[in-house]
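Reviewing the structure listed below.
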2 protein chains.
Amino acid sequence: MSDTPENVLVEHVLDAISDQRLRAGTKLGEQALSDLFSCNRAHVRRALAILAAYHVVDLIPNRGAFVSTPSEDEARDLFQARRAIEVTIIRNVVRRADEADIANLRAHLATEDEIRQQNDRSKAIRASRDFHMLLARIGRNSVLEHYLAELTMRTSLIIGLYGSKSASLCSDDEHVRIVQSVADRDAVTAQEMVDYHLRHIEGEIEFGDEAPKVGPLSMIFPSSRTGR
Amino acid sequence: MSDTPENVLVEHVLDAISDQRLRAGTKLGEQALSDLFSCNRAHVRRALAILAAYHVVDLIPNRGAFVSTPSEDEARDLFQARRAIEVTIIRNVVRRADEADIANLRAHLATEDEIRQQNDRSKAIRASRDFHMLLARIGRNSVLEHYLAELTMRTSLIIGLYGSKSASLCSDDEHVRIVQSVADRDAVTAQEMVDYHLRHIEGEIEFGDEAPKVGPLSMIFPSSRTGR
DNA sequence: TTTGTTTTAATTGTTAACAATTTATGTTAA
DNA sequence: TTAACATAAATTGTTAACAATTAAAACAAA
């Protein structure tokens, strides 16, 4: 994807959401964004339209753009979609992964292990999402990969909004077992593991108590004014 | 979805694509669109950004917007995604459809039957797509419904680009059998039928010979200047 | 005719100014 | 103090003008 100003903006917002720096309900003002990313309002508006198409932002006429706050129903639909997509992805992975891919997966597990010992929640969330996206890339279906990118983003939003019982949101043991079944070329087990893993994540979410605190945007995008 | 000028434009373009009036590769000039839909260029630009996010339009810097021309690989990825999503949808349908839903499905089959006798290819394509989207709506998963809307759109593009061996692209017999298994509450058969049906459609596509002819936009959007 | 070059036209990209709307602030009365 | 109202500020929506780039046309040379 090319490095137009609007794409830069979209990527930064998506990163901030998947790191849970940007929380559900946060207002994304046009002026604020155009200042932070030093571009004009036309670019900001295009970027917000794209983010709205990704279901990550709600555009309210005359009011502005807000990070979307998914309902519980939406969250459950979303997890069902993730299961449908990721189970298909893992089937592709078992079929298509070569030695290098499996090595990359093992390396990623090691990274996750390191991060878990640092107790950095933000990093852990990111690493967990990266694991799922690594599988998607190895599966080599660009359509499924793109949809999963959108869905993991929205999952981050949901977990940030409702909270999760488990501190680390992906128990890495499950990741390990998924990789093992891929290495064993055991498609049936791999699919079952992925399905179980996603149901586990969904089950840990504590629907009911929302936490809508938000801060100023300048706190959320610290390094973006250097961008070009 | 609200009736902002850009949404009107997006809907018209999507309709034109799913009816195969707009073919892959067609240039969507900003001036032309803003004239046809009597809105300003800012609206057009936003609409094009949204369509690009839906993967229906390619945005090339300094060149403009073009209806995207999916490759064969992309098409195969897309059909695998459809199978993953529609098989999940049909499971929801079998579980959730009430009597009214099943009546609607039967009514739709009757409509398809009528249209087949008229020999109107454009109408047939539209009706076929509507059948799949009706199932998605009955399944009551908004995430899957939205993704399927995008995928059926892109499927229309692919069939319009590469052509299909069968004149009618959905043999309605298969639709009938899907509805029957829904009415029987037979989830296993319904899933098998949907999977088979989608593989059938994919198998009928004649990859290899492209047909890139396009006409002027004013021929494609005949009734849109009245759209206020 | 065909090829390459220059000139012209058309299209996209960018910016700024202004209008319309919403939000925040301040004031007055109960 | 609270509530309602009027005013001011900030934000979003709209439009037009201009710059930059690309496509088309005209023309000259082989």
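General remarks:
- Flag for residue B:46 being farther than 23 Å from residue A:60 by Cβ and either within 14 Å of chain A (Cβ to nearest Cβ) or out of contact with any Cys (no Cβ under 7 Å at 6 or more places or on another chain) (or both): no
- Per-region count, the stretch A:30-43, residues more than 13 Å from chain B (Cβ to nearest Cβ), surrounded by fewer than 19 Cβ atoms within 10 Å (Cβ to Cβ) and among the polar types (S, T, N, Q): 2
- Flag for residue B:11 being more than 16 Å from DNA strand D (Cβ to nearest atom), open to solvent by 10 Å² or more (accessible area, probe 1.4 Å) and under 30 Å from residue B:190 (Cα atoms): no
- Looking across the stretch A:61-79, the residues that are more than 9 Å from chain B (Cβ to nearest Cβ) and either out of contact with any helix residue (DSSP H, G or I) (no Cβ under 9 Å at 6 or more places or on another chain) or closer than 25 Å to residue A:46 by Cα (or both) come down to A:62, A:63, A:64, A:65, A:66, A:67, A:68, A:69, A:70, A:71.
- Unmet requirement for residue B:100, which otherwise passes all of (1) assigned by TED's automatic domain parsing to the domain that holds residue B:179; (2) in contact (Cβ under 8 Å) with a residue 40 or more places away in the chain: (2)
- Matching residues, the stretch B:162-182, being open to solvent by 30 Å² or more (accessible area, probe 1.4 Å) and modelled with pLDDT of 95 or more: B:176, B:177, B:180
- Here residue B:125 does not fit the description of being modelled with pLDDT of 90 or more and part of a helix (DSSP H, G or I).
- Residue A:159 meets each of the listed conditions (1) more than 19 Å from residue A:177 (Cα to Cα); (2) modelled with pLDDT of 95 or more; (3) out of contact with any helix residue (DSSP H, G or I) (no Cβ under 7 Å at 6 or more places or on another chain) apart from (2).
- In the set (1) within 16 Å of DNA strand C (Cβ to nearest atom); (2) over 30 Å from residue B:25 (Cα atoms); (3) of a type outside the set (Gly, Ala, Ser), residue B:66 fails one condition alone, (2).
- Within the stretch A:103-148, the set of residues being open to solvent by less than 50 Å² (accessible area, probe 1.4 Å), touching a residue at least 60 places away in the same chain (Cβ under 8 Å) and over 26 Å from residue A:22 (Cα atoms) comprises A:105, A:109.
Residues are listed down the side, and each one gets a yes or a no for (1) assigned by TED's automatic domain parsing to the domain that holds residue A:156; (2) β-branched (Val, Ile, Thr); (3) within 12 Å of DNA strand C (Cβ to nearest atom); (4) under 24 Å from residue A:133 (Cα atoms):
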site: A:35; (1), (2), (3), (4): no, no, no, no
site: A:41; (1), (2), (3), (4): no, no, yes, no
site: A:44; (1), (2), (3), (4): no, yes, yes, no
site: A:88; (1), (2), (3), (4): yes, yes, no, yes
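- Screening the stretch A:18-29 for residues that are within 12 Å of DNA strand D (Cβ to nearest atom) and buried (at least 17 other Cβ atoms within 10 Å of the Cβ) and picking the one that is farthest from the other protein chains (Cβ to nearest Cβ) gives A:26.
- Pairs where the first residue, in the stretch B:51-79, is more than 17 Å from residue B:17 (Cα to Cα) and the second is in a loop (DSSP other than H, G, I, E, B), C-beta under 6 Å, 6+ apart: B:72/B:207; B:77/A:141
The values are calculated or read from the model by the stated rules, or taken from the named source; none is laboratory data. All of these numbers come straight from a predicted model, not from anything done at the bench. Glycine also receives a Cβ, built like all others from the backbone with ideal geometry; neighbour counts cover every protein chain displayed. The accessibility values were calculated without ligands, DNA or RNA, using every heavy atom of the protein model including side chains. Shrake-Rupley method; radii C 1.70, N 1.55, O 1.52, S 1.80 Å.
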